[in-house]
Every structure is written in C-alpha cells, then in structure tokens.
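Have a look at the structure below, then the notes.
The values are calculated or read from the model by the stated rules, or taken from the named source; none is laboratory data. Quick caveat, the model's predicted, so the values are computed rather than measured. Positions of Cβ are backbone-derived with ideal geometry, glycine not excepted, and every protein chain shown enters the neighbour counts.
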Amino acid sequence: MDILSIVGLFGAVGAILTGMTIEGGNINSLVNLPAFVIVFGGTIGAALLQSPMKLVKKALNMLPWIVMPPAQNFREQRDKIVGLSMLARKNGLLGLEPQIEIETDEFMKQGIQLLVDGCQPVLMRDMLELELSAIESNELQATKVFEAMGGYAPTIGIIGAVLGLIHVMQNLASPSSLGAGIATAFVATVYGVGSANLIFLPISNKLKTQVLAMSQGREMLIEGFNSIAMGENPRIIEIKLSSYVNN
C-alpha cells in the first residue's frame, strides 16, 4: 500500500481546513450542493466528452494504483531472469517451455514464448519493445483522463461562480436570497481549484509515475530476454540487470 497517497490527500485537505478554522471560518460554509453538482458534474461530463470509452474504463481500472500500486520488485524480476538463463543454459531454450504455463505476467510469458520459438535476438527485442511502447502509450493516455479533469475543474468552478452571481443579480430585490447565490459563487471556485490541485492532477501524476516504473521493469525484462537469446553467461546477465535493481 502506498501510504503517502493517503497522507498527502488528508494532509493537504486537513491543512486547508485547519487554516480556515484558525482564521475564524466555519467549515460548514464549504458545504454547498449546487456548487458541488456544477463543478464535479461538469468536470466529469467534459472529461467523458473528451475521452473514448476505452480510455475511461482503463483510467478507472488504474485508479486503485494510487493506494495499491502494482508490485514492482526489480530484484525478484532480475532473479527470475537469471534463473531462466541458467535453465536455458542447462536444458536449452526448449527447456523453458514449462515456464510459460506457470507464468502469470503476460509480458514475461510473451518473452519466454519468443525464446522457446527460437526468435532471433534482434527481432525479439523489436517485438517486445513494440509491445512495451503500445502498453505504455495506452496507460499514459488513460492517465490523461484525470489530467483533463484537473484542467477543466477550475474553469467550471468559474462557471459556477458566474452562475451564482447571475442568481444574485436576479434577486437583488430579495435580500434574503442573496446569501445562497454568493455562497455558490465562491464555493464553486474553491471546489474547482481545490479538486484540480488536490485530487485530479496529483492522481494523474501519481499514475504516470507508476506507469513509468512498470515500463522500466519491462525494459529490464527485454534486456534479460535478449541476453538469454544471445547465450550470455547467467552471471553476466545478473550483473547487467543489477543496474536496474540499484536505481
């Protein structure tokens, strides 16, 4: 579990609310249903309009990575590659075939399959790098759904503020209704700017970090598979891949 995501979110929101309280403000004044509907409904709607369904589904599937990121143990992956190289050195590349059935990672499984099929090192590297590029591009595009929401939220917050002021102007003859309109105007701005900078943009950037970390792990696998295909010594492969582990 990535505890920093939870600490960061509650720390940021808590600091703002604490500062408001110290200044003498009332937290309840930030609760405004019309402003909430305008900002979050408008932001989500704009993001859905921009993004195809495939990317929206992918973004939602990736959202849990904020607190439960995919396991990235470079040392374990290095040791697995070294184990495969030792097995290939002992039994030949065909001796790796049973590993395909027990492997759960699709990228790892594809690499082992190419080794068993006797794919040439250069061709295998090209194929795996193409697969890596496609996976990384798809995942980075999905993170842009949240990035887009972070871009739209402040603007829609301003729209909410304008709508609140319009309500105020239409009811100047009724002083009792002015407070609600003014509250919606200011709270909508807070919701828009706050959600963008405390939720949507941090989520997007955190997911990008996870995607790049996973890509680095796959780059290590590509280097390892290529070394096995070239018949390199397992000890040399271990030393070569240790540069990924130590970074």
Q) Which of the residues belonging to region 11-35 are surrounded by fewer than 17 Cβ atoms within 10 Å (Cβ to Cβ), part of a helix (DSSP H, G or I) and not polar (S, T, N, Q)? A) Gly11, Ala12, Val13, Gly14, Ala15, Ile16, Leu17, Gly19, Met20, Ile22, Ile27, Leu33
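Residue-wise test of (1) in a helix (DSSP H, G or I); (2) farther than 17 Å from Leu132 by Cβ; (3) at pLDDT below 90.
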site: Gly181; (1), (2), (3): yes, yes, yes
site: Val193; (1), (2), (3): yes, yes, no
site: Ser204; (1), (2), (3): yes, yes, no
site: Met220; (1), (2), (3): yes, no, no
site: Ser242; (1), (2), (3): yes, yes, yes
(Q) Testing Gly45 on (1) touching a helix residue (DSSP H, G or I) at 6+ places or on another chain (Cβ under 6 Å); (2) within 21 Å of Ile203 (Cβ to Cβ); (3) assigned by TED's automatic domain parsing to the domain that holds Ser215, one condition comes back false. Which one is that? (A) (1)
Q: Six or more apart or on different chains, Cβ under 6 Å: which pairs go from a residue in region 226-247 that's among the aliphatic types (A, V, I, L, M) to one that's exposed (fewer than 15 other Cβ atoms within 10 Å of the Cβ)? Could you list them?
A: Val245/Arg75
**Q.** Output for region 24-59, where each listed residue is over 29 Å from the mean Cα position of the chain (by Cα) and more than 22 Å from Gly164 (Cβ to Cβ)
**A.** Gly24
Q | Candidate set from region 100-116 (those that are in contact with a helix residue (DSSP H, G or I) (Cβ under 8 Å, 6 or more places away or on another chain) and modelled with pLDDT under 90); member that is surrounded by the most Cβ atoms within 10 Å (Cβ to Cβ) | A | Glu103
